[in-house]
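Asks: First, the structure itself, so that you have it in front of you.
The values are calculated or read from the model by the stated rules, or taken from the named source; none is laboratory data. Everything quoted here is computed from the prediction, not taken from an experiment. Here the Cβ positions follow ideal geometry from the backbone for every residue, glycine too, while neighbour counts run over all protein chains shown.
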Amino acid sequence: MNRIDYQLLQTSLELRELDRKNNSVGYYPTLSAYANYVFRPSGKRFRLFETGQLVSVVGKSGCGTIPEIDGLQRNARIQRSRLNTEKVKEQINLSRQTINREVSNALSQYSSTIQRIGGGKAEY
């Protein structure tokens with residue numbers, strides 16, 4: 001459907017599902033790493049392209065985290081995300097029903113107007 005309100009509800013549903021996935025991923029442990037490699041010139045005069053003038057420096061770091069026990073707070077966030085997702089799904093369903101009703105009303109008004117104007121069928 002090309003209606004803007006329906007598209008907004010679809011986008012909202014996608015965002016709610018991503019939020020639910022984000023909350024449920026919080027149970028997994030994480031591991032991150034960082035590395036840096038740099039050339040630094042050394043010597044009294046700066047000569048970039050001569051050998052022996054550059055010294056390489058390597059830096060690295062990393063960390064890991066294990067999720068803590070949070071007293072079911074994360075579980076409550078996941079349940080709230082599921083509830084919000086269900087709300088948006090219900091809004092989409094109601095919007096679809098409203099759109100179908102508007103189309104049905106427009107078709108019945110169109111056919112009644114055609115009958116009033118032309119007496120039922122147009123003759124060519």
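Asks: Pick out the one residue from S32, S24 that is at pLDDT below 90 and in a helix (DSSP H, G or I).
Replies: From the options S32, S24, the qualifying one is S24.
The rows are residues; the columns are (1) modelled with pLDDT under 75; (2) surrounded by 10 or more Cβ atoms within 10 Å (Cβ to Cβ).
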residue	(1), (2)
K44	yes, no
T51	yes, no
K60	yes, no
P67	yes, yes
E86	no, yes
L94	no, yes
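Asks: Return only the number of the condition from (1) of a type outside the set (S, T, Y); (2) farther than 22 Å from M1 by Cβ; (3) at pLDDT 90 or above that K121 does not satisfy.
Replies: Only one criterion in (1) of a type outside the set (S, T, Y); (2) farther than 22 Å from M1 by Cβ; (3) at pLDDT 90 or above is unmet by K121, namely (3).
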